[in-house]
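Every number in this text was worked out from the coordinates using simple rules, so none of it is lab data. This structure is a prediction, so every number in the text was calculated from the model and none was measured. Virtual Cβ from ideal backbone geometry, glycine too; neighbours counted across all protein chains shown.
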Amino acid sequence: MNTNKNDKFKAETEVNNNTCTVYLSGELDLSVAPDFRNTMEPLVANMDQNLIVNLKDLKYIDSTGIGILLSILKARHAKDASFMVEEVPGNIQKLFDMTGITKFFVPQENSQ
């Protein structure tokens, strides 16, 4: 599913068993934030599926994009539903490290 008219940003979903993976590519910034939120809203609300956001092909993320990821994490955590971010490119990993959010996106052992 392409969420932006200019093809700079794409969010494609894939569902396998009880896991939904969202593959992001391009640039996640303020200009595409509303489209990204609309794409993610029903996925975040589906507590029966594990939710993974794959950043392998993401070239850039700004504070708005980071804020959306954190709001997804918070919403999922409040409902005890899983959320992971995987395959983070080096430049984005540095940003996550500098802002101190890396620890929130690492897989946690399930205590059930």
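Some points to look at:
- 222 nm mean residue ellipticity, helices alone, for the chain (DSSP H n ≥ 4; -39,500 (n - 2.57); rounded to 500): -11000 deg cm²/dmol
- The chain, relative contact order in percent, only Cα pairs under 8 angstrom and at least six apart counted: 23 percent
- Top positive-direction residue, dipole computed over the chain with Cβ charges, set P42, M98, N54: M98
- Mean-square fluctuations from a GNM of the chain, with a 10 angstrom spring cutoff on Cα atoms, peak among N16, N91, N54 at N16.
- Residues of type lysines that K74 reaches as a straight line, Cα spacing below 19 Å, ignoring anything fewer than 8 places off in the same chain: K103
- Under 19 Å from K94, Cα to Cα: aspartates and glutamates that are on another chain or at least 8 residues apart: E27, D29, D57, D62, E86
- Listed values for region 20-28 are Karplus-derived 3J(HN,Hα) couplings in whole Hz (6.51 cos²θ - 1.76 cosθ + 1.60, θ = phi - 60°), namely 10, 10, 10, 9, 9, 9, x, 10, 9, and x replaces Gly and Pro.
- Comparing P34, P42, P89 in a Gaussian network model of the chain, where Cα atoms under 10 Å apart are tied by springs, the biggest mean-square fluctuation is seen for P42.
- Within the same chain, lysines fewer than 8 places from K10 are excluded, and of the rest, those with a Cα less than 16 Å from its Cα are K56, K59.
- Calculated from backbone phi, Karplus (6.51, -1.76, 1.60) coupling profile of region 77-88 in Hz, x at Gly/Pro: 4, 4, 9, 6, 10, 6, 8, 9, 10, 10, 6, 7
- Anisotropy class of region 3-67 from Cα gyration tensor, a/c 1.5 cut: prolate
- Springs join every pair of Cα atoms under 10 Å in this Gaussian network model of the chain, and among V15, V53, V88 the largest mean-square fluctuation is at V15.
- Read-out semi-axes √(5λ) of the Cα gyration tensor in Å, derived from the coordinates shown; its label in (i) 76, 22, 7; (ii) 18, 16, 13; (iii) 21, 17, 12: (iii)
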